[in-house]
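Worksheet: one structure, shown below.
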Amino acid sequence: MRRNDVSDLRKRSYDDKKYSLKEALSLIKTGDHIFIGSACGEPQYLVKGLVEKADHLADNEILHVHTLGVAPYTEPRYSDRFRMNAFFVGINTRQAVAEGRADYTPVFLSQLPKLISSGMITIDVALIQVTPPDEHGFCSLGVSVEITKTAAENAKLVIAQVNRQMPRVLGDSFIHINNIDVVVEHDEPILECPRPEKDILSERIAKYVSELIDDGSTLQIGIGSIPDSILDSLVDKKDLGIHTELLTEGVVDLVEEGVVTCAKKTINRGKIIASFAMGTRRLYDFIDNNPMVEFYESDYVNNPIVISQHKKMVAINQALEVDLTGQVCADSLGYKFYSGLGGQADFIRGAMLSEGGKAITVIPSTAKEGKISRIRSLLSPGAGVVLTRGDVDYVVTEYGIAHLRGKTIRERALSLINIAHPKFRNDLLNWAKEHHYVPQEVLPFPETEYPEELKKYVTLKDGSKVLIRPIRPSDATMKQHLFYALSKESVEKRYLGSLRAFPLKRIWPYVIIDYNNEMVLVGTVLNGEKEDMIAIGSYSRIPNTNFAEVALVVRDDWQNRGLGTILFNYLCEIAKKRGLNGFIAWVMIDNKRMMHIFRKSGHQIRYRIEGNLYYVEIRFK
């Protein structure tokens with residue numbers, strides 16, 4: 001039976017709509033544009049039949065967002081019958097796109113439903129997978145709603161694989177049987193995407209990301225070993241919410257742990273919002289008829305305006321490479337298309353518009369087993385810019401966090417070099433100097449790793465919390481700001497005399513250190529989203545001795561709260577572990593606060609007067 005002979009298909013009863021696979025596929029015409037349901041919602045039985053039984057077809061375009069299962073239509077032998085057009089290039093279709101046998105349409109997922117409904121993207125036939133109809137005649141699209149619902153609503157012919165193993169997911173995820181033309185009943189397991197094995201690199205990145213996520217945040221997160229490790233790292237958080245295009249199994253763990261409650265969400269309170277799911281049967285059983293979970297189309301879930309309405313919206317997305325100015329490539333390896341735009345820019349922009357929101361790009365520091373750096377001086381030739389310099393916020397590798405929003409090119413370059421793999425840092429630095437991204441005076445980066453383990457939060461006498469951490473090369477501007485925030489008296493006591501200016505060219509030796517013979521600890525607090533430096537404590541080993549010269553300074557408005565004592569005692573603890581026997585210091589005679597800190601430390605103190613200074617020797621116990 002040809003499709004143009006059955007103009008009243010949708011008026012028929014459910015039983016009358018039941019066709020065999022071959023009968024259903026015979027209704028598709030040569031030249032039709034055929035949409036296939038996405039990811040784990042792919043109707044595999046229909047897709048296999050498309051190439052095995054519909055041999056009457058030719059010049060048919062296949063459209064889909066992401067295919068996880070079978071994609072036989074991409075094989076060269078079917079090139080006269082089918083040509084694929086992917087909105088997201090998956091592993092099963094990558095080779096066909098690379099060889100020019102298939103097309104890739106770069107498009108934001110938030111805009112794709114509108115492109116379909118406006119007719120800019122033509123869909124003649126929709127092959128979808130649904131649950132059996134309920135007592136009201138509604139079938140759920142289950143694990144795949146994103147653009148599948150729009151495609152079905154705009155297709156001239158809808159062929160649905162009715163599968164009793166498809167979970168019934170709530171939200172705007174239903175299609176009435178009256179809007180389905182043909183039913184092919186076939187039960188089979190829903191495609192699964194098991195969680196990848198954990199690895200140390202992903203866990204290190206996850207640790208840094210978890211530091212950026214506050215209680216009550218709403219999360220968007222993808223799939224893979226890094227996103228899974230991030231979800232695993234959030235077990236100590238409270239009242240997290242979920243608004244994400246892709247729902248994965250790690251969220252189920254957090255719901256069961258009481259971490260994800262969605263109780264603090266600004267909109268859709270109490271609800272996990274997504275547009276499709278990829279996981280195992282455990283995830284599908286969790287979302288089945290669960291009032292806590294609602295799926296919507298991509299023009300809602302991925303809409304930056306909707307995303308921005310969530311307070312503390314945190315978007316977490318992966319990249320393939322990042323250049324020193326902050327441009328992010330996430331869809332291609334040079335000239336070869338690797339994935340797609342997806343929803344990354346949608347969520348990044350929505351999160352940056354959110355009150356208290358954060359947009360986080362995660363990326364391993366190297367590729368090809370450590371042979372190349374993913375932090376690059378320039379993006380690879382042909383690499384696409386998915387996130388512009390203006391979109392980037394946080395970038396996280398296994399070596400730390402670079403906060404780039406609102407930062408200069410100099411600050412960005414130094415921050416990104418600091419989180420690159422150590423063996424590539426100075427090559428990147430030399431390139432940045434050559435192209436005047438950073439000053440020539442910047443010293444080479446140390447070969448040692450940043451001592452992340454020394455970071456800690458402390459509580460002062462008045463209850464204020466301060467982060468104590470080793471200094472980074474990217475802290476140069478903050479150190480300069482601290483100097484100019486000090487009173488004349490504090491400058492004289494710290495630098496033993498009048499010092500009117502502290503230009504950047506003098507600062508580099510203080511911020512680029514080896515963290516062994518030299519140590520600089522800073523105390524920082526958040527001023528809104530901006531980190532302010534309020535104190536510095538440092539030591540530098542005296543050559544050929546086991547002693548180091550020590551110095552401290554605390555911003556005037558943070559003095560008399562115990563911060564100087566905390567910094568000094570921590571420096572003593574670190575120096576002792578690194579084999580030093582003690583400190584020496586030059587202190588102005590009228591600097592009673594500093595002498596008080598030394599005396600109450602409990603270490604052996606000796607001093608003598610030289611002019612208007614104390615020469616102080618502190619021996620560790």
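Residues of region 35-66 being hydrophobic (A, V, I, L, M, F, W, C) and either over 20 Å from G340 (Cα atoms) or outside the structural domain of D103 (by TED's automatic domain parsing) (or both), which ones?
At the first step, the residues of region 35-66 found to be hydrophobic (A, V, I, L, M, F, W, C) are 35-36, 39-40, 46-47, 50-51, 54, 57-58, 62-63, 65.
Passing the criteria: L46, V47, L50, V51, A54, L57, A58.
If you go through region 141-172 and pick out every residue that is surrounded by 23 or more Cβ atoms within 10 Å (Cβ to Cβ) and acidic (D, E), you end up with 1.
Please note which helices (runs of 4 or more DSSP H) are completely contained in region 218-291 and include at least 2 residues that are surrounded by 18 or more Cβ atoms within 10 Å (Cβ to Cβ), of a type in the set (S, T, Y) and under 19 Å from the mean Cα position of the chain (by Cα).
Result: 225-232.
Cβ-Cβ contacts under 8 Å between residues 6 or more apart (or on different chains), taken from a first residue in region 65-81 that is over 26 Å from I190 (Cα atoms) and modelled with pLDDT under 85 to a second residue that is surrounded by fewer than 18 Cβ atoms within 10 Å (Cβ to Cβ) and of a type in the set (G, A, S), are listed as D80/A58.
For the list (1) surrounded by 16 or more Cβ atoms within 10 Å (Cβ to Cβ); (2) in contact (Cβ under 8 Å) with a residue 40 or more places away in the chain; (3) over 33 Å from the mean Cα position of the chain (by Cα), I need the number of the one condition that F138 fails. Unmet condition: (2). The listed residues are D346, D323, and the only one of them that is buried (at least 24 other Cβ atoms within 10 Å of the Cβ) and among the acidic types (D, E) turns out to be D346. Is it the case, given these coordinates, that Y515 is among the hydroxyl-bearing types (S, T, Y) and on the phi < 0 side of the Ramachandran plot? Spelling it out, it is not the case that Y515 is among the hydroxyl-bearing types (S, T, Y) and on the phi < 0 side of the Ramachandran plot. Among the numbered criteria (1) crowded, with 16+ Cβ neighbours inside 10 Å; (2) in contact (Cβ under 8 Å) with a residue 24 or more places away in the chain; (3) assigned to a loop (DSSP other than H, G, I, E, B); (4) on the phi < 0 side of the Ramachandran plot, which single criterion is violated by F502? For F502, the exception is condition (2). When region 526-553 is filtered for residues that are of a type in the set (A, V, I, L, M), buried (at least 16 other Cβ atoms within 10 Å of the Cβ) and within 35 Å of the chain's Cα centre (by Cα), the ones remaining, listed by number, are M533, I534, A535, I536. Name the single residue, out of those in region 80-104 being out of contact with any helix residue (DSSP H, G or I) (no Cβ under 9 Å at 6 or more places or on another chain) and closer than 18 Å to H33 by Cα, that is surrounded by the most Cβ atoms within 10 Å (Cβ to Cβ). Ranking the candidates gives F88 first. Inspection of region 186-206 finds no residue satisfying the criterion of being free of Cβ contacts under 8 Å to residues at least 60 places away in the same chain, over 18 Å from D299 (Cα atoms), outside the structural domain of G343 (by TED's automatic domain parsing) and touching a Phe, Trp or Tyr at 6+ places or on another chain (Cβ under 8 Å). Within region 576-610, take every residue that is of a type in the set (G, A, S) and out of contact with any strand residue (DSSP E or B) (no Cβ under 6 Å at 6 or more places or on another chain) and give me the one that is surrounded by the most Cβ atoms within 10 Å (Cβ to Cβ). Among those that are of a type in the set (G, A, S) and out of contact with any strand residue (DSSP E or B) (no Cβ under 6 Å at 6 or more places or on another chain), it is S601. Selection within region 372-393: residues that are small (G, A, S) and farther than 14 Å from R412 by Cβ. The member of this set that is surrounded by the fewest Cβ atoms within 10 Å (Cβ to Cβ) is G382. Restricting region 301-317 to residues that are of a type outside the set (A, V, I, L, M, F, W, C) and touching a helix residue (DSSP H, G or I) at 6+ places or on another chain (Cβ under 6 Å), which is farthest from E192 (Cα to Cα)? Of everything passing the filter in region 301-317, S308 is farthest from E192 (Cα to Cα). Restricting attention to region 125-133, does a residue exist that is farther than 21 Å from N303 by Cα, polar (S, T, N, Q) and surrounded by fewer than 17 Cβ atoms within 10 Å (Cβ to Cβ)? The answer is no, given that none of the residues of region 125-133 is farther than 21 Å from N303 by Cα, polar (S, T, N, Q) and surrounded by fewer than 17 Cβ atoms within 10 Å (Cβ to Cβ).
The set of residues in region 326-337 being crowded, with 19+ Cβ neighbours inside 10 Å and either of a type in the set (S, T, Y) or closer than 25 Å to G142 by Cβ (or both) consists of S332 alone.
Where strands (runs of 3 or more DSSP E) sit wholly within region 525-594, those with at least 2 residues that are closer than 22 Å to V511 by Cα and either among the polar types (S, T, N, Q) or in contact with a Leu (Cβ under 6 Å, 6 or more places away or on another chain) (or both) occupy 530-541, 547-554.
Return the residue satisfying two criteria in turn: it lies in region 140-193 and is polar (S, T, N, Q) and part of a loop (DSSP other than H, G, I, E, B), and of such residues it is nearest to F276 (Cα to Cα).
At the first step, the residues of region 140-193 found to be polar (S, T, N, Q) are 140, 144, 148, 150, 154, 161, 163, 165, 173, 178-179.
Restricting the remaining residues to those that are part of a loop (DSSP other than H, G, I, E, B) gives 163, 165, 173.
Values: N163: 17, Q165: 16, S173: 10 Å.
Per the stated criteria, the residue is S173.
Of all residues in region 407-425, which are touching a residue at least 60 places away in the same chain (Cβ under 8 Å) and small (G, A, S)? Of everything in region 407-425, just one residue is touching a residue at least 60 places away in the same chain (Cβ under 8 Å) and small (G, A, S), namely A413.
Which residue out of L341, L333 is in the same structural domain as I419 (by TED's automatic domain parsing) and touching a residue at least 60 places away in the same chain (Cβ under 8 Å)? Talk me through it step by step, then tell me what you get.
Details: L333 fails: touching a residue at least 60 places away in the same chain (Cβ under 8 Å).
Selected residue: L341, the only one of L341, L333 that is in the same structural domain as I419 (by TED's automatic domain parsing) and touching a residue at least 60 places away in the same chain (Cβ under 8 Å).
The values are calculated or read from the model by the stated rules, or taken from the named source; none is laboratory data. Only a predicted model underlies this, so the values are computations on that prediction, with no experimental measurement involved. Virtual Cβ from ideal backbone geometry, glycine too; neighbours counted across all protein chains shown.
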